[in-house]
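The values are calculated or read from the model by the stated rules, or taken from the named source; none is laboratory data. The structure presented is a predicted model; accordingly, all values stated were derived computationally and were not measured. Cβ placement follows ideal geometry from the backbone for every residue including glycine, while neighbour counts extend to all protein chains displayed. All accessible areas refer to the heavy atoms of the entire protein, side chains included, with ligands and DNA or RNA removed. Shrake-Rupley method; radii C 1.70, N 1.55, O 1.52, S 1.80 Å.
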Amino acid sequence: MLEVEAKYAVGDLESVRAGLDRKGVRMGRRQQERDVYYNAPHRDFGETDEALRVRYDDTGVTVTYKGPKIRVGSAKAREEFNLAVADGETLEGILSRLGFRRAATVSKMREFYEMGDVTVTLDDVEGLGTFAEIEILTEEDKEDAAGRIGAIAKELGVDGPPIYTSYLEMLLSKQR
């Protein structure tokens, strides 16, 4: 499964909410997320453009592996694997003992809006600001998904160039 998405810096989340409201799209849920990222002992995920994340949110704990980014038009795509885990602290202990190192923690308040197979999230990311992400999960139609994402962004009044760096990359670049 490929996750095709575009992220935009948004100065005013309320204007994007208004655009979603005009389309009849209501918020599905709002939750706090804390993402703990790890780097591998045998390769640097910063160099290979991969990510290993343990996410804590209102629904539980999920470990996620993300493969290298692929540019698709004005969006990006990544292979992604998710697995719910019963105990995040135990998982983090296992990762630590295997030599994985914590790279950073990203905390955000996230709102979810569903439009068929499209998910729009509005994020307030601690230390980074506010963003809108538009995402489609697809098996093979990544170019079509990227085109649809661009059209939806325009319909919602989201302008400006898409951001191809992850929140993790943005946070790490601020710390340097």
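Overview of results
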| item | result |
| --- | --- |
| Selection status of Tyr65, surrounded by 13 or more Cβ atoms within 10 Å (Cβ to Cβ), assigned to a strand (DSSP E or B) and touching a helix residue (DSSP H, G or I) at 6+ places or on another chain (Cβ under 6 Å) | no |
| Subset of segment 1-18 [acidic (Asp, Glu) and in a loop (DSSP other than H, G, I, E, B)] | Asp12 |
| Selection from segment 88-123 of residues that are of a type in the set (Lys, Arg) and open to solvent by less than 10 Å² (accessible area, probe 1.4 Å) | Lys108 |
| Qualifying positions in segment 149-173 - among the small types (Gly, Ala, Ser) and assigned to a loop (DSSP other than H, G, I, E, B) | Gly157, Gly160, Ser166 |
| Residues that are closer than 20 Å to Glu79 by Cα, touching a residue at least 24 places away in the same chain (Cβ under 8 Å) and open to solvent by 50 Å² or more (accessible area, probe 1.4 Å), drawn from segment 148-168 | Arg148, Tyr164 |
| Qualifying residue in segment 99-119 (condition: touching a Pro at 6+ places or on another chain (Cβ under 7 Å) and closer than 27 Å to Gly46 by Cβ) | yes |
| When residues of segment 19-51 are limited to those that are assigned to a helix (DSSP H, G or I) and free of Cβ contacts under 8 Å to residues at least 24 places away in the same chain, the one most open to solvent (accessible area, probe 1.4 Å) | Arg22 |
